[in-house]
Structures are given as C-alpha cells and as structure tokens.
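Here the structure is laid out as structure tokens; the discussion comes afterwards.
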Amino acid sequence: MSKVKSIEDLMKIKEKALKELQLRDTGKRGKITVAMGTCGIAAGAKETLKAVVEALAENNINDIAVVQSGCMGLCEVEPTIEVRLEGQEPVVYGHVTPENAKRIVKLHILGNQIVSDLLVRKGEM
Amino acid sequence: MKPILVLVSVDSNSVLLGAKQFVNYLREALEKYNLKDSVDVLETGSMGVYTQGVVMAVFPDDVYYSVRSVADVEKIVSEHLLKGRPVLSLEIPRERLKLVVEKEKVTEEVRIVLRNIGVIDPRSIDQYIARDGYFALHKALFEMKPEQVIETIKESGLRGRGGAGFPTGLKWQFTAKAQADQKYVVCNADEGEPGTFKDRLIMEGDPHSVIEAMIICGYAVGATKGYIYIRGEYYGSVENIQKAIKDAYDYGFLGENILGSGFSFDLTVRLGAGAYVCGEETALLESIEGKSGRPRLKPPYPPTNGLFGKPTVINNVETFANVPQIILNGANWFKQFGTQGSPGTKVFSLVGNVVRRGIVEVPMGVTVRELIYKFGGGLVGGKQLYMVQTGGTAGTFIGVDKLDVPLHYESFRDHGVSIGSGVILAMDEDVCPVDVALNTMEFFEHESCGKCTPCREGTRLAVEILRRMSRGQGKREDLDTLRQIAITTQEASLCGLGQSINVPLLSILDNFREEFLAHIGATACPRGVCRFEKPVTKVKTRV
Ligand SMILES: Cc1cc2nc3c(=O)[nH]c(=O)nc-3n(C[C@H](O)[C@H](O)[C@H](O)COP(=O)(O)O)c2cc1C
Ligand code: SF4
Ligand code: FES
C-alpha cells in the first residue's frame, strides 16, 4: 500500500472500494455476506462460510461474491448471512447451518425464492 | 431567550420532504427581514407522524404549519413572524393537530456507531474509506483548528458511553488546556460489564472508526500517543484492531506527519487480564503503566494527571466511534437524534429472558418497554416480565411499573432508572429478588480489589446477610442493615466500584421490598427459588 497524501488519493480509494461494496462494474450478480463476529464463529459461522463456498462451487455459480463482515448484532440467530442480489432488497437469514446454507443457495440464489423459515430481516438497515 | 421560537421537525421523514432546505431558507429569511434577534430556530426530532409536509411550529403563538416548499417558509416569515398574521392556508387544522402531537412516538433503529457493522469487511481499510472513513480525519486536520474540533464535540452534546455520561467535549478541553510535554489518548475497551458486548461488536466490525476518532482526539488535545486497552479474552477484537492499526500506518493515517499535516500520532494495543475493576479508568491507567490494576485516589483526574502522570483523555469505545460522524456531519446533525440532554444514540445489549437477545442501536430516550418488546421481541415462552436490570451490574433493578421511563443520562436522577453502559437484563416470573440481589452482591464481592475497607468489607457483609436471607434465616433488621451498608460503601469507597453498589442494592430493596419482607419468617421462598434450610417442608407452588 502506498501512503495517502491528499484528499484526491482518499477519493480514489473510496470510489474504487465503493464499487466493490455495491457490486458495481464487478461483473457480479450478487453477494453473500457471512457474519464472522465472535458469536457467529462460536455458533459455527466458519462451517457456514465453507458450506456457502462449496454450494456455490457445486452449482457452478461464479457470479456471486462471498465476503465476511463483523457481526450484525443478531446473536440469538447466529450464524447469520446476508444475501444481496442486484436490484433486490437484501435478505438476512438466521440459524444458517451448513445444510441451511446449501438450501439458501439452491432456493434463493438459483431459484430466486426467499427461504421463509430462515428469514430474519428483509430490506436495508 | 428570544421572544419567538420556531421549531422545525427534522426527523428522517421530514428530511426527505426537504426539512434541511427549509431550515436553511428560514435562517436566510430571518436575516433578510432583520428578525434574527427576535426569533430562535430550533431543529427537533419528529413532532409526531405527519406525512403531508414538514411540521414547523411557532411559539408562543402555538401555531403548527405544514410546510412543503420554500415559498411556504417565506410566507410564514413575511406574514406571521414579521406582521403577526398567522398564515391560515398552511396551518394544520386543530383536529388533525391532535393526532399529530399525541400520536405515540415510535422509536426506530438509528445507526451511527454501528453504521458499518455487518456492511463492510472490517479487515479492509478500503471499505471503511468507501463509507467516508478517514474523511473526518482529513477534515479535522486541514479544515479545523484543534479548538474547533473540541468546540464541535462540546456543541454536539456527546457524553461518555462507558457508563458515567460525562460530557466528552469538556473532558477533551481539560486535557487540551493542561500544559505538559507529553499527553495521551486512551481507549477503554475493557468491557468488563457482564452481559455487554457492544464494544466488542464495534472493534470487531468497524475497528477503524475507533482509530480514526483517537487520532482526531489526539490532534484536538495535543496528544501524540494513544493506547487501546482491550480485554485480553477479546481475541477477535485484538486481531482486527491490530490489523487496522497496521493498515492505518501503511496509508499514513498514523505515524509521522499524518497526511502531510505536520501532526504525528502513534497508537498501540495493551491487553487487560479480565478484572472488572481494571475498566475503572485510573486502575486501567495503572495497568497500562505495568502496575497491578488498582484504582487511584481521585482527584487529580486523568484529564490533567493521567497516564504516567501526564494529561490523558480516556474514553469508551462507543464514545469514540461517534466522533468521526460528528466531525463529518456537524453537531446539529448529531443533536437531531436523542434527547436534549443526551443527544445521539445508544447501543443497548438486550440480555436475559428476551426472545431476541442481541444488540440494538436506537436514539436516546427509548423506553425499556420498547427495548424489551419491540426490539427484544418480548419474553421467551410468552412468560410474564417480572424485573429488569438496566444499565449493567451497577445499574438499577426496576419493576414493570417503570417500563415507560425514557432512558437517557438524566433518567436515573429523574426516575431512578439508570442507562449505564446500556445493558438491559430482562427477568421473567421465575426469578426471586433476594436471589438476584445475592448474585449481584457476590459479583461485587468477588470483583472488589480490596484496596479500601468499605468496599471490601461492605460487599462481604452484604453477601453474608443476603445469603442468610436466601436460606430462610432473614431478620427484619437485615433490610435496614443492607441499606446502611449500601450508603456507607457508596460514601466511603475509593473508586467507582464501591461507590456504585448502592445503585443496584437500594433499587432492589426499594422496588421489591414486599418480596424481601415476604422472605422473613416464611417457611419457604415465596417465589420458589431460594432454598430454605429449615424447616424442611417442601412447598412447590408459587405465589
Ligand atoms: C468498576 C468500574 C468498571 C468500569 N468498567 C468500564 C469498562 O469496562 N469500560 C468502560 O468504557 N468504562 C468503564 N468504567 C468507566 C470508566 O471509569 C470511565 O468512566 C470511562 O472509561 C470514561 O469514558 P467515557 O467518558 O467515554 O464513558 C468503569 C468504571 C468503574 C468504576
Ligand atoms: S472501592 Fe472497591 S474496587 Fe474500588 S478501590 Fe476500593 S476496594 Fe478496590
Ligand atoms: S456478537 Fe456477533 S451477532 Fe452478536
């Protein structure tokens, strides 16, 4: 990393990273965010992350980015993931065990259908 | 005070309808008509649910207007304020008005300190920058003098989120004014409060917000070195903070000559070892100095005599996390949230028997009822709520009669309900106040560092009495003795630990007095929780 020397440098980093965050011009159709806070990990978020990655690979899906974040504060329903598809409201799922992660990939990512029994929240925060 | 007051509602809904523009225009118009000295303009939160326009109220005339354009503002100024003729066409009719003002307030989540949590990858400094990260630092360094930074924080009304609610700007000012060759900024990330994990959430999920704030603070007060004191068990926080510090150095936000401004600041992490008292600011400073974590005698206070005897600002993680947003958006923006005396939001940890345990950030002034039922989803198994402890272990125990008290830094003084570090512990009908009081005092007995007698002995005595009571051997005088212990310990202890045990103890004794009395001379715990030793008759039914 080179040093930031001016507000212009800062703006450049911002614009580039914003694209990634909002999936603009990245060729991706959506992203799955796995909450990896302490309680997420304690509840098995690492296995969830692994299952998400595997399920995407098994189904030959490569236009969905998988990213990690801090926890969303929904400790009671950890592990949690957020599914964000282009042009749609983000959806947060709870109790995402590896099996549930696979279901979400099948139903939501492939079938464009919300997995209602795992739904925690829909819409922007 | 000026003779006329105009209140403009600038809640999120009104902002969409143009409230900000209208306020700006209003100020200009007052200038134009030379009314500046006779009219005060105040931006407030929501004045009720009203979707037809922005609500603007003129006092003392008590006229409410619905404003939809700057032309409406112009009319109100030129007709009503200048000539004293209310603009009937814009008035909200009285029958509608009732609805407007009496409509029950609904608290919604507002994310200031948690704005990035779960949104960005905390290990990516670029993503933090994408969400305006380090723009506040740039603004402070290049567009503001240190005094202006302090003025802004003071003006915002930000108060310490670590529990005591001390005005942050004032604290910074004390340190700024102190003369010394070296000053420090310390972040209290010890989070020893049972049930709280908001600071961990912030450090794990948005570590740069704390780092950016500390650099800004250093610039404001003239400090060049900072420490983040993190509880040792917080592995995830330590890891993310350390990675963030490294990235901030690489980008030149830390170190020599930050962004070419000439200001330099270094930041390091120190690990705590999990003693509750180490969260007390002077004990924490001792611990950073490499001594054992025992509190110091105060005064002198840290802002003038802190780390290594030098002027030191010490703030909680959540307090710091507010700072970049205040610098970026201004004090007035911050003041639109929360209450007048306690602006902004608070991160609450909902624990105990609630359905959705977890973290929620809402404006100050939220009620306990809203926290438990709206955000916490009510009680597990549909049980009855019996008792709530607000504010953490050193906070107040309240019954269901106090659920509608708005929580802010005056709610303890005004209503006996403390906000503390924001823990809301909900307890259902299966608990017994005597047992709860015993548990609480055992905690304090265990965590008392033993440096001073009132706290060491007071907590021990309280535990002894409560233990006896919970075995069915309580006496009537015990209640008075417990009160006395609470008061003496509070008055005579050295540090905040001993000085605050009166809060939980007195509140539980007062609010649940009947239950305590019912334990005395009874044959079994009236709530079926405590195990009485004698007599052996088993009573299973609950009263
Ligand atoms: C026994 C005791 C424990 C404390 N523990 C913490 C803690 O874990 N975290 C914290 O931020 N403040 C804690 N405090 C409060 C600090 O002493 C201090 O008031 C706070 O760090 C000031 O920061 P603020 O003004 O930003 O709240 C504790 C105080 C006492 C008396
Ligand atoms: S009040 Fe308690 S914790 Fe504080 S110094 Fe005295 S003994 Fe230690
Ligand atoms: S701390 Fe991670 S969701 Fe609660």
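The values are calculated or read from the model by the stated rules, or taken from the named source; none is laboratory data. Note that the coordinates shown come from a computational prediction; the quantities given were computed from them, not determined experimentally. Neighbour counts are summed over all protein chains in view; Cβ atoms, including those assigned to glycine, are modelled from backbone coordinates with ideal geometry. Surface areas here come from the heavy atoms of the whole protein model, side chains and all, with no ligands, DNA or RNA. Shrake-Rupley method; radii C 1.70, N 1.55, O 1.52, S 1.80 Å.
At what distance in angstrom do the alpha carbon centres of segment B:339-358 and segment B:382-423 lie from each other? Here the answer is 11 Å between Cα centres.
Taking 7 Å steps out from each Cα toward its Cβ at A:Asn112 and B:Glu410 produces label points 5.5 nm apart. Kindly give Rg over Rh for segment B:386-478, based on alpha-carbon atoms, with the Kirkwood expression for the hydrodynamic radius. Answer for segment B:386-478: 1.01. The helix-based estimate of mean residue ellipticity at 222 nm for chain A, built from -39,500 (n - 2.57) per DSSP H run of four or more residues and divided by its residue count, is -10000 deg cm²/dmol to the nearest 500.
Using the empirical formula 2.2 N^0.38 Å as the baseline, the Cα radius of gyration of segment B:345-428 reaches a ratio of 0.94. Relative contact order of segment B:292-373: 16 percent, from C-alpha pairs under 8 Å at least 6 residues apart in sequence.
With N denoting the number of residues in segment B:437-519, provide Rg(C-alpha) divided by 2.2 N^0.38 Å, to two decimal places.
Numbers: Rg = 11.8 Å, N = 83, 2.2 N^0.38 = 11.8 Å.
Compared with the compact-globule rule of thumb, segment B:437-519 sits at 1.00.
Looking at the protein assembly as shown alone, DSSP beta bridges between its own residues are antiparallel in about 55 percent of cases. Could you tell me what percent of the DSSP beta bridges with both partners in segment B:125-335 are antiparallel, to the nearest 5? Antiparallel: roughly 10 percent of the beta bridges in segment B:125-335.
Helical runs assigned H by DSSP (4 residues or longer) give chain B a calculated mean residue ellipticity at 222 nm of -11500 deg cm²/dmol, each run adding -39500 (n - 2.57) before division by the residue total. Here B:Ala164 and B:Gln340 are evaluated by their C-beta separation; at R0 = 25 Å the FRET efficiency comes out at 0.85. Within the shell defined by Cβ-Cβ distances under 15 Å, the residues around B:Ala321 carry a net charge of 0, with Lys and Arg each +1 and Asp and Glu each -1. Normalised by the number of residues in chain A, the average gap of Cα pairs under 8 Å and 6 or more apart makes the relative contact order 24 percent. Of all the options A:Ala51, A:Ala42, A:Ala101, the one that moves most in a Gaussian network model of chain A with Cα springs shorter than 10 angstrom is A:Ala42. With contacts defined as alpha carbon pairs under 8 Å and 6 or more residues apart, what's the relative contact order of chain B in percent? Once divided by the residue count of chain B, the mean separation gives 12 percent. When peptides B:482-495, B:110-123 are sorted by average Cβ neighbour count within 10 Å, with the highest value leading, the order is B:110-123, B:482-495. Over chain B, the Kirkwood radius and the radius of gyration, each from Cα atoms, give a ratio Rg/Rh of 1.02. For chain B, the longest principal axis of the alpha carbon atoms and the long axis of helix B:146-156 meet at an angle near 70°. If you model segment A:1-55 as an ellipsoid using its alpha carbon gyration tensor, with each semi-axis the square root of five times an eigenvalue, the axes come out at 31, 17, 8 Å, biggest first.
Over all directions, how big on average is the projection of the convex hull of the alpha-carbon atoms in segment B:125-335, in square nanometres? Average projection, Cα convex hull of segment B:125-335: 10.6 nm². When accessible surface is computed with a 1.4 Å probe, chains B and A are found to bury approximately 2700 Å² between them, both chains counted. Computed with a 1.4 Å probe over protein heavy atoms only, the accessible surface of the protein assembly as shown comes to 43 Å² per residue.
Modelled label positions at B:Gln242 and B:Ser261, each set 7 Å beyond Cα in the direction of Cβ, lie 2.8 nm from each other. Ordered from longest to shortest, the equivalent ellipsoid semi-axes for segment B:292-418 are 31, 20, 14 Å, each the square root of 5 times a Cα gyration tensor eigenvalue. The long axis of helix B:453-470 is offset from the longest Cα principal axis of chain B by roughly 70 degrees. For segment A:9-106, the mean projected area of the C-alpha convex hull, equal to one quarter of the hull surface, is 6.8 nm². For chain B, the longest principal axis of the C-alpha atoms and the axis of helix B:168-177 are separated by about 80°. Using the alpha carbons alone, the radius of gyration of the protein assembly as shown stands to its Kirkwood radius in an Rg to Rh ratio of 0.99.
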